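What follows is calculated from the coordinates using simple rules that are stated; it is not laboratory data. As the structure is a prediction and not an experimental result, all values here were calculated from the model. Every residue, glycine as well, gets a Cβ built from its backbone with ideal geometry; the counts of neighbours run over all protein chains shown.
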Amino acid sequence: MIFPKINLHIHSTYSDGNNSIREIVDKSIKQGLEYICITDHFTNSWKANVIPSLDTKEKMERYLTELSEIREELTDNNQNLVLLKGIEVDITSSYDYISKMICPQDYDIVLFEYVESVEGVGFVKNLLLNWKQQFEKINEYCIFGLAHFDPSYFEYSSLGILMDFLKQYNMYFEFNSSYPQFYSQRYTNFFHELKANQILVSIGCDSHDISNLDNFEEPLNMIQFYDLELNLKRFIEILRTRKRLNSTF
């Protein structure tokens, strides 16, 4: 089964990346990537004192505007690259801050990081329920995923709760090349459950520099090793459907 070259976890100078969105896009075209997503950080936890992030409405607006403008250029120039608008949400941030600052309909992909407990699952679930009340058909324009998720937190308990949550919200598991320990063979049972429950999977490199935008081969090999190609195929089909429906892709 042949898959497009994708990297749906990239950081730019809007947070702690080394390169501008323009530089990322230009390098991605040269490397033959077909889908990329810029997913800059959003936080008001301890992390806000360590790294830059999308920390004001004005900065978020500039970020989204630049993504829209470059995406339109790609379409006008008939480039094969699809540029997706993303954001990586630190769930140790305050609930009110996330609710006030983020409008999910502005993004193609929202990644949640630090989902490490049943309480973390509950936090994200409450957030999604709140968004669903505010915005109709939220899943038609936004895809949700778990960033560099560590299966060890659910390996021996609460795995059923996690799988039910992922199915309910059609949320995907990210094979992240910067965290290969999270898809090691010690978690074979976890990946068996992903397959059994038909949970979506995708690939992100957590790229902070254009030198590692194309580190997607190992994650793809592990997806094939765990026999999750159909899970990835379903995810790609969702991306392609949204590309056809959204004229700004």
Lysines within cross-link reach of Lys100: Cα-Cα under 18 Å, excluding same-chain residues under 8 positions apart? Lys57, Lys59, Lys125, Lys132
Rounded to two decimals, the Rg over Rh value of segment 63-178 from Cα coordinates and the Kirkwood Rh reads 1.01
For segment 1-94, max minus min Cα coordinate along each principal axis, in Å, sorted largest first? 40, 31, 20
Sort Lys27, Lys125 so the one with the fewest other Cβ atoms within 10 Å of its own Cβ comes first. Lys125, Lys27
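Output the Kirkwood hydrodynamic radius of the chain, Cα pairs only, in Å rounded to one decimal.
Numbers: mean 1/r = 0.0550 Å⁻¹.
Hydrodynamic radius (Kirkwood, Cα pairs) of the chain is 18.2 Å.
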Using a Gaussian network model of the chain with C-alpha springs under 10 Å, which one of Ser158, Ser93, Ser178 is most mobile by mean-square fluctuation? Ser158
Test of understanding: in a Gaussian network model of the chain with alpha carbons linked when under 10 Å, which of Leu127, Leu111, Leu220 would top the mean-square fluctuation ranking? Leu127
